[in-house]
Amino acid sequence: MEKRTSAFARIFAAIALAGAVVVVIVVVAGSLGDSDSSTKSRGANGGHPHRSGPKTTAKTYVVKGGDTLVAIAHRTGVPVVHLLALNPEVDPQILIAGETLKLR
C-alpha cells in the first residue's frame, strides 16, 4: 500500500512542477510582450513627454513632510541633478520639512 502512495505523490509532484513552469512562462511572456494598449498610451516618443519648459517659475521650494528630491523634481520640472547642483548642502536622503531649496 505504501508503494502506491509513493507513486501517486511522485506523479502529482511532476504535474505540479509542469504546471508551475507553464505559469512562469505565461507570466514572463505577458510582461515582455508588446500589447496595443501599452504602445498607444506611450505616444510616438516612447512614453517620455516633451517638456517645453519648467513647470514652475518659482526660484525656491519649501520642502514638505514626505517630499523626496524625485517628487520635487517632478512637481517643479527641475531635474534632480540640477537640484543637487544648486543645493550642495542638502542631503538627498534626509530632507527636512521647512527646508528651502533653490530651483534656479
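The values are calculated or read from the model by the stated rules, or taken from the named source; none is laboratory data. If you're wondering where the values come from, they're calculated on a predicted model, not measured in any experiment. Glycine gets a Cβ as well: all are built from the backbone with ideal geometry, and neighbour counts include every protein chain shown.
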Practice task
State all residues of segment 65-99 that are more than 22 Å from the chain's Cα centre (by Cα) and surrounded by 13 or more Cβ atoms within 10 Å (Cβ to Cβ); if no residue qualifies, say none.
Solution key: Leu86, Asn87, Val90, Glu99
Exercise for the section: Tell me which of these Ala58 doesn't satisfy, since it passes every other one: (1) touching a Leu at 6+ places or on another chain (Cβ under 9 Å); (2) at pLDDT 90 or above; (3) not in a helix (DSSP H, G or I). Expected result: (2)
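Just give me the residues in segment 82-103 being assigned to a loop (DSSP other than H, G, I, E, B) and among the hydrophobic types (A, V, I, L, M, F, W, C), in sequence order. First the steps, then the outcome.
Here is the first cut: in segment 82-103, the ones assigned to a loop (DSSP other than H, G, I, E, B) are 87-99, 103.
Selection gives Val90, Ile94, Leu95, Ile96, Ala97, Leu103.
Can you find a residue in segment 6-29 that is assigned to a loop (DSSP other than H, G, I, E, B) and either over 30 Å from Ile94 (Cβ atoms) or at pLDDT 90 or above (or both)?
Initially, segment 6-29 is screened for residues assigned to a loop (DSSP other than H, G, I, E, B), giving none.
No, segment 6-29 contains no residue that is assigned to a loop (DSSP other than H, G, I, E, B) and either over 30 Å from Ile94 (Cβ atoms) or at pLDDT 90 or above (or both).
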